[in-house]
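Asker: The structure that follows is given in the form of structure tokens.
The values are calculated or read from the model by the stated rules, or taken from the named source; none is laboratory data. All values derive from a computational prediction rather than experimental measurement. Backbone-built Cβ (ideal geometry, glycine too); neighbour counts: all protein chains shown.
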């Protein structure tokens with residue numbers, strides 16, 4: 001009887017360990033994103049960077065971009081950045097880049113982190129997103 005109990009305890013222990021390893025490997029996406037510390041700028045800082053010629057990247061989807069976007073923005077959705085850095089950005093590693101999403105915390109920080117991990121040194125997330133930009137009355141290109 002002792003050997004059955006010992007085997008069962010060992011299996012329970014191994015099973016719990018395996019579950020723990022899977023949890024650590026995958027983690028909770030939300031908590032991982034909260035741990036990301038990306039450089040952020042407010043609207044005034046973002047506007048100054050845009051006015052100075054920064055590359056501006058909209059990481060929302062095509063429909064949202066087509067509806068409205070910052071005048072100099074290029075569309076590179078977060079899903080595209082996750083798949084790999086587009087050739088259009090390859091030579092921009094030393095340039096100032098402003099990333100924005102809808103609200104500043106849904107996908108902008110993730111996109112900023114991806115660029116940082118790929119060696120882009122001067123990339124920041126606009127923490128109020130396009131909603132903050134629009135609410136401040138700053139210039140936008142809107143669908144007609």
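Asker: Take the residues of the range 23-43 that are surrounded by 10 or more Cβ atoms within 10 Å (Cβ to Cβ) and assigned to a helix (DSSP H, G or I): which is modelled with the lowest pLDDT?
Answerer: Taking the candidates together, the pick is 23.
Asker: So residue 60 clears everything in (1) under 19 Å from residue 109 (Cβ atoms); (2) free of Cβ contacts under 8 Å to residues at least 60 places away in the same chain; (3) not in a helix (DSSP H, G or I) except one condition, right? Which one?
Answerer: Status for residue 60: all satisfied but (2).
Asker: State which residue is surrounded by the most Cβ atoms within 10 Å (Cβ to Cβ) when the search covers only the range 89-114 and only residues that are in contact (Cβ under 8 Å) with a residue 40 or more places away in the chain and in a helix (DSSP H, G or I).
Answerer: Per the stated criteria, the residue is 108.
Asker: Would a scan of the range 74-81 turn up a residue that is surrounded by 12 or more Cβ atoms within 10 Å (Cβ to Cβ), in contact with a helix residue (DSSP H, G or I) (Cβ under 7 Å, 6 or more places away or on another chain) and assigned to a helix (DSSP H, G or I)?
Answerer: Yes.
Asker: Search the range 123-144 for residues being under 22 Å from residue 52 (Cβ atoms) and without any contact (Cβ under 8 Å) to a residue 40 or more places away in the chain, and hand back the single one that is surrounded by the fewest Cβ atoms within 10 Å (Cβ to Cβ).
Answerer: The qualifying residue surrounded by the fewest Cβ atoms within 10 Å (Cβ to Cβ) is 137.
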